[in-house]
Amino acid sequence: MSLEDSRREYQYGRLRRESLKASPFEQFNLWMEQAIHSDLSDPTAMCLATVNAEGKPWQRTVLLKGMDERGLMFYTNLGSRKAREMSGNPNVSLIFPWMRMDRQVIVGGQVERLTKTEVLSYFLKRPRGSQLAAWASQQSSRLSSRQALETQFIQMKEKFAAGEIPVPDFWGGYRVVPSEFEFWQGGENRLHDRFQYLRSENGWTILRLAP
C-alpha cells in the first residue's frame, strides 16, 4: 500500500461547543482522565517543540508530570538541548497525540523554571533507578558507546549506595504557561471538530476553527 492510500475514517465521536468546559484546564483534565481510563499507551506523553537561536525548530517526547491553573510541568537535564533552546527562546508548543481516541490537544505558551522546592518534591518521588539515571546521563551530550553510559550508571549506583540520592544541580523542571489550547476531535469525511482557547485579560475566549 502506498502512503497516498493509507487512510482511515475518524468515527470516535463529536466535539460540540456546548459540551466544552469554560476553562481549558478543566477540559484538558477531562480528556486526560478519559485517555487514562481508555488504557492508551503513555497518555501523559507529549511532544515538546522548541526553537533555537537560528530559528530552527526541534521536537522530542517528554512526560507530563503535573498540571494546575498556572501550567503544565515536566522535568529534564538543565544542560540538554531542550533546556538550552528554552533558555534562549521560552516560546514552546506541546501536543498530546491521542490518536486511538481520534483526539489531540495542542498547547502553546512560554516556559518558566520550577522552584527548587518543586523540583525536590518530584525528584524524591522518582524510582531510585530514575534518580541514578539523572546523575549518570549528561543529556544530549555525545557518547562514545552504550557501555560508557552503563558504566557511568554503575559508578553512580556505587557512589550513592547508602542513603538518599540528592538532586543533581544540573537537573530541574519547567512549567509551560499556556496562552492557547486547541482541542481536536477527528470526524468523518475529514470534517474534524477543532476548538481554540485563547487567553485574554478577561479570561479565555473559545473559537471554533475550520478542520
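The values are calculated or read from the model by the stated rules, or taken from the named source; none is laboratory data. Keep in mind it's a predicted model, so treat the numbers as computed, not measured. Here Cβ is always computed from backbone atoms with ideal geometry, including for glycine, and neighbour counts include all displayed protein chains. Quick note on the areas: whole protein, heavy atoms, side chains included, nothing else; ligands and nucleic acids left out. Shrake-Rupley method; radii C 1.70, N 1.55, O 1.52, S 1.80 Å.
Scanning the stretch 11-29 for residues that are under 21 Å from residue 209 (Cα atoms) and part of a helix (DSSP H, G or I), which turns out farthest from the chain's Cα centre (by Cα)?
Applying the first criterion (under 21 Å from residue 209 (Cα atoms)) to the stretch 11-29 yields 11-28.
Those left that are additionally part of a helix (DSSP H, G or I): 17-19, 24-28.
On the way: 17: 26, 18: 28, 19: 25, 24: 16, 25: 14, 26: 17, 27: 17, 28: 13 Å.
It comes out as 18.
Among strands (runs of 3 or more DSSP E) lying entirely in the stretch 55-98, which contain 3 or more residues that are without any contact (Cβ under 8 Å) to a residue 24 or more places away in the chain and touching a Leu at 6+ places or on another chain (Cβ under 9 Å)?
Values: elements: 57-63, 66-68, 71-77, 91-98.
In the stretch 55-98, the matching strands (runs of 3 or more DSSP E) lie at 57-63.
Polar (S, T, N, Q) and in contact with a helix residue (DSSP H, G or I) (Cβ under 9 Å, 6 or more places away or on another chain): is that true of residue 155 in this structure? Give the steps one after another, and end with the answer.
Details: polar (S, T, N, Q): yes; in contact with a helix residue (DSSP H, G or I) (Cβ under 9 Å, 6 or more places away or on another chain): yes.
Here the answer is yes, as residue 155 does meet what is asked.
Any idea which of 76, 117 is of a type outside the set (A, V, I, L, M), modelled with pLDDT of 95 or more and open to solvent by less than 60 Å² (accessible area, probe 1.4 Å)?
Working: 117 fails: open to solvent by less than 60 Å² (accessible area, probe 1.4 Å).
Step by step, each of 76, 117 is checked, and only 76 is of a type outside the set (A, V, I, L, M), modelled with pLDDT of 95 or more and open to solvent by less than 60 Å² (accessible area, probe 1.4 Å).
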- request: Might you check whether a residue that is in contact with a helix residue (DSSP H, G or I) (Cβ under 8 Å, 6 or more places away or on another chain), assigned to a strand (DSSP E or B) and not aromatic (Phe, Trp, Tyr) occurs anywhere in the stretch 177-185?
  value: yes
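Output the number of residues of the stretch 115-133 satisfying the condition of being among the hydrophobic types (A, V, I, L, M, F, W, C) and either outside any helix (DSSP H, G or I) or without any contact (Cβ under 8 Å) to a residue 40 or more places away in the chain (or both). Break it down into steps so the answer makes sense when it comes.
Going through the stretch 115-133, the residues among the hydrophobic types (A, V, I, L, M, F, W, C) turn out to be 119-120, 123-124, 132-133.
Next cut, either outside any helix (DSSP H, G or I) or without any contact (Cβ under 8 Å) to a residue 40 or more places away in the chain (or both) only: 124, 132-133.
Qualifying residue count for the region: 3.
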query: Where residues in the stretch 130-144 are surrounded by fewer than 16 Cβ atoms within 10 Å (Cβ to Cβ) and among the small types (Gly, Ala, Ser), which of them is farthest from the chain's Cα centre (by Cα)?
result: 144
